[in-house]
Each structure stands twice: as C-alpha cells, then as structure tokens.
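Trainee: Okay, here's the structure, questions in a sec.
The values are calculated or read from the model by the stated rules, or taken from the named source; none is laboratory data. All values derive from a computational prediction rather than experimental measurement. Positions of Cβ are backbone-derived with ideal geometry, glycine not excepted, and every protein chain shown enters the neighbour counts. Quick note on the areas: whole protein, heavy atoms, side chains included, nothing else; ligands and nucleic acids left out. Shrake-Rupley method; radii C 1.70, N 1.55, O 1.52, S 1.80 Å.
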Amino acid sequence: MLRFADEEKEDDYLQTNDFSKGPVWKCIIAQAVPLTIAQLVQLLYNVVDRIYLGHMGDGHGLALTGVGLTFPIVSLIMAFAALFGVGGVPLFSMARGAGDEEKAGKIMGNSFALLLVSALVLTVSGYVFCRPILCAFGASEDSYVYASQYLSIYLIGTVFSMITTGMNGYINAQGFPKIGMLSTVIGAVTNIILDPILIFGFDMGVRGAALATIIGQSFSALWVLSFLFGKKVIIPLKVQKIRITFETTMAIFKIGMANFIMHGTNCIVQVACNATLQTYGGDLYVGIMTVANSIREIFMLPVSGLMNGAQPVLGFNYGAGEYERVKSGIRFNTWIGSAYTLFAWLLVIIFPKFWFGIFSDDVSMMNAGIEMIKIYFFGFVFMSFQFSGQSVFQSLGDAKHAIFFSLLRKVIIVVPLTLLLPRVGLGATGVYMAEPVSNVLGGLACYITMRLTIYRKLEYMRQSDGSS
C-alpha cells in the first residue's frame with residue numbers, strides 16, 4: 001500500500017514537471033494559475049503604494065504623480081532583469097526538454113551572474129543621474145520632490161528586484177509554479193503589511209512606500225535563492241556555474257533582447273507620455289496617466305500570466321519535437337486570451353468611476369480622468385493577439401520577430417502618435433488615444449505574422465516527422 005502511494009506520488013511529480021504528458025491546456029493552466037497569482041501579488045508591490053499615496057489627502061495628487069514619474073526607471077530595471085534573467089528561460093526550457101541538464105545549469109548560472117553585475121551598474125547610475133533623469137521625464141518642481149524621495153530609497157532594492165524577477169522564471173520552468181508563486185507572495189504580503197505602518201504610522205509618506213517595497217523585495221529574493229540553491233529543485237543553481245561566458249551570454253542576449261525591448265520601450269513610452277502630458281495638461285494629467293497605467297496593469301495580469309505560463313510548456317514541447325502539442329497550446333492561448341480581454345474591456349467601459357476611485361479620491365483628477373481611461377482602454381481586446389504572438393516567438397527562440405513586434409507597437413506606433421496627436425489639436429487627449437491605435441495595429445500584425453510563419457512551420461515539421 002505504501003509502495004503504491006509512493007509510485008502514485010512519483011507519477012504526479014513526473015506529470016507536473018514533464019510538459020509533454022497530459023493535455024496541453026492543462027499543462028498551461030497548471031503553470032498559468034500560480035504564475036497569475038504570483039504576478040497579482042507582485043503587482044501589489046506598486047499598486048498598494050499607489051492606492052495609499054492617492055488617498056494621502058494632499059488635494060492635488062502630487063504624491064501619485066511623483067511616483068508615476070519613476071515608472072520609466074522601474075521599467076528600465078525590469079528591462080535588464082528580463083534581458084539577462086527571463087531571456088535565458090526559453091533556452092533553459094529547450095535544453096531541459098532535450099535532456100541536456102548540464103547546458104541548462106550553465107545557462108541559469110550565467111543569467112544570475114549577469115543580473116548581479118547589471119544591478120550594481122543600474123543602482124550607481126540611478127543615484128548619480130537622479131535629478132536630470134526625473135526632470136527629463138517630465139517632473140515639475142513640485143512633483144520632483146515626491147519622485148526623488150521615492151526613487152532614492154527604491155534604488156537600494158534594485159538587486160533584490162532583479163534577482164526575484166530574473167531568477168523566478170527558472171523555478172517555474174522546472175515545473176514548480178507554486179514555489180514561484182510563493183516567491184512573490186512572501187514579498188508582497190510583507191509590503192502590504194508595512195505600507196500603512198510606514199506611510200501613515202511613521203509618517204514617512206512616499207519614502208515609507210518605497211521602503212516597504214524594498215523590504216518585501218529582499219524577502220522574495222532570499223526565497224528564490226534558497227530554493228534554487230536547495231536540493232528539491234531538479235536543476236540547482238551551483239556556485240561553480242555562476243560565471244559569464246561569451247557564447248552563453250550572446251545566446252541569452254539574443255532571446256532576451258525581445259523582453260528587454262518590450263520593457264525598455266515601456267520606459268520610452270512612459271517618458272514620452274509624461275513629458276507630453278506635462279506640456280499639454282500639467283501634473284494633473286500625468287497623475288491621470290499613472291492611474292490609467294495602474295488599472296491597465298491589473299487587467300493585463302491574467303492574460304500575461306496565461307502567456308508566461310505557456311512559454312515553458314511550448315518551449316519544452318518544441319525541444320522534445322512535440323509540434324502538434326505546441327500548435328494546440330497556441331490555439332488555446334488565443335481563444336482564452338481573446339475572451340478575457342474582451343470581458344476586461346467591457347468592465348472598464350461600464351464602470352470607469354469605480355476603477356479610477358480605487359487609486360485616487362482627488363475630485364479634479366477623477367472628473368478629467370474618467371473620460372481619458374475610456375479612450376485609453378478602447379480596443380483592449382487586441383492586446384491578446386499581441387501577447388499570444390509575442391509569447392510564441394519568445395518561447396521558440398524566434399528573436400528576430402519578437403524584437404521587431406516589440407518595437408513596432410511601442411516605438412514605431414505609440415511614441416510618434418504620442419508626440420504628434422497633441423500637436424494637431426487633440427491636446428492631452430491625443431496622448432491617451434495613441435494606446436488603442438497601437439493595440440489594434442500592433443496586435444493584429446504580430447499575431448497574423450506568427451500564424452503565417454511559425455504556425456505553418458510547425459505543421460510542416462509535424463508532417464515531416466509523421467507525428468500526430
């Protein structure tokens with residue numbers, strides 16, 4: 001009886017970690033649900049900060065505006081975490097699917113070393129160039145006070161943030177999504193508890209929000225490292241493999257560049273939006289954009305979790321030569337992602353005041369902001385096509401297309417429209433209109449290209465191998 005229980009437990013273990021077994025959609029959901037919960041909790045790091053700061057009662061929303069001005073810097077930090085950390089995960093998954101654990105271990109160690117070096121460089125650069133950067137990003141004399149207070153403390157936790165974001169993917173890629181979920185839950189719960197204590201109890205305001213965030217991030221980083229260095233993981237992180245080699249770095253760089261550009265272009269877009277809004281609307285409209293981005297982050301979580309959960313599954317099956325399973329995963333992502341984003345779009349259009357009120361009780365900001373978020377979210381459903389196509393390109397190592405479509409939606413479409421539309425008579429409203437236009441054009445272009453290239457290639461490879 002005991003032996004049977006052990007064998008059953010072993011079968012469950014193999015089903016969890018071998019993505020070539022069982023229905024593909026179940027493998028994706030098994031990965032996606034814990035990832036989505038983890039990302040939700042991760043989002044609470046910043047969202048809870050904004051909720052408290054938006055209700056500080058200063059009457060002008062300057063605290064919220066100031067924190068919003070730091071978003072491009074936070075996005076840049078996440079861009080490097082994606083480049084050197086997340087960028088190695090598809091390579092790691094394909095190596096594991098092919099049975100080459102030695103290669104997989106080297107990829108993970110190389111990623112970790114790159115994260116440590118880049119965290120040091122970014123932290124020092126942030127302190128040296130803090131004021132000129134924030135002023136270039138659209139800070140006024142009033143909002144700069146809050147932005148600098150937040151950033152001066154937030155930068156201390158750069159290394160913790162990058163380790164958590166960059167290395168947690170290696171936990172999920174080995175079939176331990178619940179452990180990956182706990183990585184963010186631990187830190188976020190800490191942040192949620194400390195936020196009101198430090199912001200209001202110790203009267204630290206914006207500084208308290210930043211301090212709560214980095215304490216939470218440090219706990220998350222310690223959890224990630226303790227598991228990866230431990231004995232329960234399939235492929236552990238070993239000290240002797242924490243080294244930077246040219247060949248592995250270039251391979252990580254090639255795949256990770258798409259993630260880097262995706263996050264990096266967010267930085268560029270945020271800078272363009274804040275600077276333009278400061279010119280055409282002032283601090284009020286910069287604050288409204290902070291709220292709009294916060295709402296958008298909440299609604300993007302499930303579809304983002306779905307696509308991120310699918311990546312190790314698609315990469316593993318591609319490495320194992322299971323091409324029909326890869327196609328099945330792509331179809332599943334498309335239908336579920338489209339249904340969800342349509343539902344989310346309707347929620348924002350029907351209840352805009354509710355969502356805006358979560359982040360700010362400033363009457364003047366809300367009166368002007370409700371119409372802006374309706375415009376900003378128009379066509380949100382098309383984001384599902386961008387996510388679906390992009391996740392396939394990244395999962396299967398198609399760096400060329402992944403990079404191009406990251407650039408297309410943000411740099412080629414959003415930024416020019418953000419700068420142009422306000423100048424043709426639309427004012428601050430034009431900044432908010434740029435997002436839905438890019439969702440439609442960029443999302444459709446990305447998905448259609450994926451179907452005409454990779455999806456067709458998978459069918460050809462399936463037929464050539466005679467697989468079913």
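Trainee: Which of (1) in a helix (DSSP H, G or I); (2) of a type outside the set (Ser, Thr, Tyr); (3) open to solvent by 20 Å² or more (accessible area, probe 1.4 Å) is the odd one out, the single condition Ile330 does not satisfy?
Mentor: Looking at each condition in turn, Ile330 falls short on (3).
Yes/no matrix, rows are residues, columns are (1) surrounded by fewer than 20 Cβ atoms within 10 Å (Cβ to Cβ); (2) under 29 Å from Leu419 (Cβ atoms); (3) not charged (D, E, K, R):
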site: Gly287; (1), (2), (3): no, yes, yes
site: Ile295; (1), (2), (3): no, yes, yes
site: Val326; (1), (2), (3): no, no, yes
site: Thr334; (1), (2), (3): yes, no, yes
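Trainee: Can you find a residue in region 261-281 that is open to solvent by less than 10 Å² (accessible area, probe 1.4 Å) and closer than 21 Å to Ser118 by Cα?
Mentor: yes
Trainee: For the subset of region 148-178 comprising residues that are of a type in the set (Gly, Ala, Ser) and modelled with pLDDT of 90 or more, which member is nearest to Gly97 (Cα to Cα)? Before you say what the answer is, go through the steps one by one.
Mentor: The initial filter retains those residues of region 148-178 that are of a type in the set (Gly, Ala, Ser), namely 148, 152, 157, 161, 166, 169, 173, 175.
Subset that is modelled with pLDDT of 90 or more: 148, 152, 157, 161, 166.
Details: Ser148: 46, Ser152: 43, Gly157: 34, Ser161: 28, Gly166: 21 Å.
Among them, the one singled out is Gly166.
Trainee: Right, something else. Run down Leu441, Leu426, Leu407 and say which single residue is surrounded by fewer than 21 Cβ atoms within 10 Å (Cβ to Cβ) and either farther than 25 Å from Ala310 by Cβ or of a type in the set (Asp, Glu) (or both). If you could, list the steps in order and put the result at the bottom.
Mentor: Numbers: Leu441 fails: either farther than 25 Å from Ala310 by Cβ or of a type in the set (Asp, Glu) (or both); Leu407 fails: either farther than 25 Å from Ala310 by Cβ or of a type in the set (Asp, Glu) (or both).
None of the others qualify; the one that does is Leu426.
Trainee: Keeping to region 344-369, report how many residues are buried (at least 16 other Cβ atoms within 10 Å of the Cβ) and β-branched (Val, Ile, Thr).
Mentor: Going through region 344-369 one residue at a time, the tally reaches 2.
Trainee: Spot the failing condition for Ile454; the list is (1) more than 20 Å from the chain's Cα centre (by Cα); (2) under 28 Å from Leu83 (Cα atoms); (3) open to solvent by 50 Å² or more (accessible area, probe 1.4 Å), and only one is missed.
Mentor: (3)
Trainee: Restricting to region 108-137, what's the tally of residues that are aliphatic (A, V, I, L, M), open to solvent by less than 20 Å² (accessible area, probe 1.4 Å) and at pLDDT below 95?
Mentor: 1
Trainee: Okay, moving on. Restricting attention to region 62-86, and to residues there that are open to solvent by 10 Å² or more (accessible area, probe 1.4 Å) and more than 30 Å from Asp18 (Cα to Cα), which single residue is modelled with the lowest pLDDT? Show your work before the answer.
Mentor: Residues of region 62-86 open to solvent by 10 Å² or more (accessible area, probe 1.4 Å): 62, 71, 73-76, 78, 80, 84, 86.
Now restrict to residues that are more than 30 Å from Asp18 (Cα to Cα): 62, 71, 73-76.
Values: Leu62: 77, Phe71: 81, Ile73: 89, Val74: 87, Ser75: 84, Leu76: 89.
For region 62-86, the residue satisfying everything is Leu62.
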